[in-house]
1. Filter the stretch 9-58 for residues that are assigned to a loop (DSSP other than H, G, I, E, B) and surrounded by 12 or more Cβ atoms within 10 Å (Cβ to Cβ); which is modelled with the highest pLDDT?
2. Select from the stretch 64-80 the residues that are outside any loop (DSSP other than H, G, I, E, B) and among the basic types (Lys, Arg) and list them in ascending order.
3. Does Glu61 satisfy being in a helix (DSSP H, G or I) and surrounded by 12 or more Cβ atoms within 10 Å (Cβ to Cβ)?
4. Quick test of your reading of the structure: Ala72 fulfils all but one of (1) out of contact with any helix residue (DSSP H, G or I) (no Cβ under 7 Å at 6 or more places or on another chain); (2) in contact (Cβ under 8 Å) with a residue 40 or more places away in the chain. Name the failing condition by number.
Amino acid sequence: MEIRKKVEEKIETLPEDVLKSVLNFIEYVGEKVEVIRKFEMKYGPFSKLKEKIIKDEHSWEEERDFFDWEAAITEIDRLR
């Protein structure tokens, strides 16, 4: 909670044009987090789907989801 308060205090001092960029960034991160949550609900842990893909016992939808999920995880890690 302390971090949230510090962020709120800092944000209040930013100019309007910078706030727009900050908001866009927050929305982008939120979208990636939502993609990850969606796949976790659908498949369970990432490692479970990865194992299924490696064993070649998967559908095209699972493979596509795997790559989309991996991309979202990679993007979040890169942003951290």
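The values are calculated or read from the model by the stated rules, or taken from the named source; none is laboratory data. Note that this is a predicted model, so its numbers are computed, not measured. Methodologically, a virtual Cβ is constructed for each residue, glycine included, from the backbone with ideal geometry; neighbour enumeration extends over all protein chains shown.
1. Of all residues in the stretch 9-58, those assigned to a loop (DSSP other than H, G, I, E, B) come to 12-15, 44-45, 55-58.
Pick out the ones that are also surrounded by 12 or more Cβ atoms within 10 Å (Cβ to Cβ) and you get 14, 58.
On the way: Leu14: 88, His58: 92.
Step by step, filter the stretch 9-58, then rank; the result is His58.
2. Arg64, Arg78
3. On the way: in a helix (DSSP H, G or I): yes; surrounded by 12 or more Cβ atoms within 10 Å (Cβ to Cβ): no.
Criteria not met by Glu61.
4. (1)
Listed here are the residues, each with its yes/no results for (1) farther than 19 Å from Ala72 by Cβ; (2) under 14 Å from the mean Cα position of the chain (by Cα); (3) not hydrophobic (A, V, I, L, M, F, W, C).
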residue	(1), (2), (3)
Glu9	yes, no, yes
Asp17	yes, no, yes
Glu31	no, yes, yes
Val35	no, yes, no
Phe39	no, yes, no
Lys42	no, no, yes
Leu49	no, no, no
